[in-house]
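Everything on this sheet refers to the single structure shown next.
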């Protein structure tokens, strides 16, 4: 009797054990402004995106030429996911085709999490440092005169992205730029130096770093990107809020007196990434003593890799369904054999 009970419990335990919860697939989405993702044939072209991977995860982004694009190319860059689920990579497009198409793919641990298509487009002017996601969306950059201290009238950026704030130096060697004020609960101030003497520079304001111990701003000047140490900066408990932040620029290294020029930084809400659907488990068929009903499983078409986060659990994994029915039958057969 004891042998019969032990064997039956062992076999039924194996049959009833859950198959293990299927993990929801991680995803990566490339984000761009406008109708298409575009880059210019210049150095420092940025591509950004959002992912469900945890902060600190390493992503590899591959850019490959497509169609009739000549010369053909393949470029790869690695980046780390930020605490806000965003990522950014930069590609040097200066030695490649001046127009054409390409495909982007994001990989983690050798598995592709997302893909997108883009275009290489010629520059319509001075776009040496323009990027795929933060291109000139304002006219002020090309109309600012380097003969006076000034700042672009309006700079727009999406939350979690990098704003481009063009400034001019006039006769000053340094200017001090202030973004925000007490009334908007955030302020950043830094002094910039004209490194190449052309009277122009672009302040890159990284909104995802604002108010943290990470580098909030860097400057593009003399064909180089240099991190900027702030004079002062407010701390923020979370991402900088969407809104209109005043910009003031002062000649010299302090903010004494009235600003030489003013502008504004408009921060827009970040696009919403659709959450991955939760796992769907079909109800198990009802089993009666000594019998098991086999459920019908529909084979899903084989794909390269699910990218929607949907996890489909076939009904053959249900309680006492499919293979489980065979195990139960074996259990009863063995039980009868030892009686």
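Points worth noting:
- The peptide list 251-261, 70-80, 43-53, put in order of mean Cβ contacts within 10 Å with the highest first, becomes 43-53, 251-261, 70-80.
- Segment residue 269-residue 74, extension gain: residue separation times 0.36 nm, minus the distance between their alpha carbons: 66.9 nm
- Our summary gives the range 136-275 a relative contact order of 29 percent, counting only alpha carbon pairs under 8 angstrom and 6 or more residues apart.
- Note: relative contact order over the range 190-237, using C-alpha pairs below 8 Å and six or more positions apart, is 38 percent.
- Derived from the Cα gyration tensor, the three semi-axes of the equivalent ellipsoid of the range 136-275 are 24, 16, 14 Å, largest first.
- Among beta bridges identified by DSSP and lying wholly in the range 136-275, the antiparallel ones come to about 90 percent.
- Of the three principal axes defined by the Cα atoms of the range 26-134, the extents in descending order read 38, 26, 23 Å.
- Counted residue by residue at 0.36 nm each, then reduced by the alpha carbon distance between them, the extension gain from residue 60 to residue 145 reaches 26.6 nm.
Bear in mind that the values in this text are calculations on the coordinates, not laboratory data. Because the structure is a prediction, the values reported are computed rather than measured. Because the Cβ atoms are built from the backbone with ideal geometry, glycine has one as well, and the counts that use them run over all protein chains shown.
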